[in-house]
Every structure is written in C-alpha cells, then in structure tokens.
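> I'd like to ask you about the structure that follows.
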Amino acid sequence: MAQINITTTPDEQAKVLEVIKKLHGQSVPVTTIASKAGLNPNRVRYIIADLVEANKIRRVPTKAFNAHYIRYKYELL
C-alpha cells in the first residue's frame with residue numbers, strides 16, 4: 001500500500017501555535033483554527049498531528065457527538 005507523507009513547515013506550525021495560544025483552551029473545530037491562521041483546514045489537520053507528535057501541544061477530547069465526530073481542545077505544553 002502506498003504511503004503519503006505530508007511535510008509541514010515551521011512557519012505553518014508557528015501560525016497554528018499562535019492561534020492555539022490565542023484560543024487558550026477553548027473547544028473549537030479545526031476549521032476555526034485554519035481560518036484564523038489563514039491556512040487550508042486539511043493542511044491544519046496535518047500540522048496539528050505534527051505538533052502533537054513533537055509534544056508541543058496536547059489534544060484533549062471535550063465532546064463526542066459519535067465515534068467519528070469528536071470535538072477537541074488544544075493545550076500548549
């Protein structure tokens with residue numbers, strides 16, 4: 001099976017970190033973070049995954065609408 005690797009830039013990560021810092025633990029969708037950062041929502045999903053792997057942020061579930069639709073809040077570490 002083919003594997004797709006999406007690399008994110010430090011500049012993009014800094015933009016997302018700045019938005020998360022401003023939201024300060026609010027439970028918001030990724031689309032809101034993307035619009036405030038001026039980035040594509042699909043790209044922000046990968047940026048958030050990279051930041052979680054790098055232990056720069058923590059993704060905390062806040063509300064589960066069902067098994068596939070979970071709202072998260074993001075905390076800086």
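> Can you find, within the stretch 44-59, the residue that is farthest from His24 (Cα to Cα) among those that are surrounded by 12 or more Cβ atoms within 10 Å (Cβ to Cβ) and more than 9 Å from the chain's Cα centre (by Cα)? Talk me through it step by step, then tell me what you get.
Initial filter on the stretch 44-59 (surrounded by 12 or more Cβ atoms within 10 Å (Cβ to Cβ)): 44-52, 56-59.
After this cut, where a residue has to be more than 9 Å from the chain's Cα centre (by Cα) as well, the list is 56, 58.
Working: Lys56: 14, Arg58: 12 Å.
Ranking the qualifying residues of the stretch 44-59, first place goes to Lys56.
> Could you look through the stretch 1-30, keep only residues that are outside any helix (DSSP H, G or I) and touching a residue at least 40 places away in the same chain (Cβ under 8 Å), and pick out the one that is farthest from the chain's Cα centre (by Cα)?
Keep residues of the stretch 1-30 that are outside any helix (DSSP H, G or I), which gives 1-9, 24-29.
Remaining after also requiring touching a residue at least 40 places away in the same chain (Cβ under 8 Å): 6, 8, 25-29.
Values: Ile6: 14, Thr8: 12, Gly25: 12, Gln26: 13, Ser27: 11, Val28: 10, Pro29: 9 Å.
Within the stretch 1-30, the match that is farthest from the chain's Cα centre (by Cα) is Ile6.
> Would you point out which residue out of Glu75, Glu18 is of a type in the set (Asp, Glu) and touching a strand residue (DSSP E or B) at 6+ places or on another chain (Cβ under 9 Å)? Give the derivation first.
Numbers: Glu18 fails: touching a strand residue (DSSP E or B) at 6+ places or on another chain (Cβ under 9 Å).
None of the other options fit; the residue is Glu75.
> Out of all the residues in the stretch 34-59, which are closer than 17 Å to Lys22 by Cα and in contact with a strand residue (DSSP E or B) (Cβ under 6 Å, 6 or more places away or on another chain)?
Leu51, Ile57, Arg58, Arg59
> Here is a check on your reading of the model: is Arg45 part of a helix (DSSP H, G or I) and at pLDDT 90 or above?
Values: part of a helix (DSSP H, G or I): yes; at pLDDT 90 or above: yes.
Here the answer is yes, as Arg45 does meet what is asked.
The values are calculated or read from the model by the stated rules, or taken from the named source; none is laboratory data. All values reported here derive from a predicted model rather than from experimental measurement. Every residue, glycine as well, gets a Cβ built from its backbone with ideal geometry; the counts of neighbours run over all protein chains shown.
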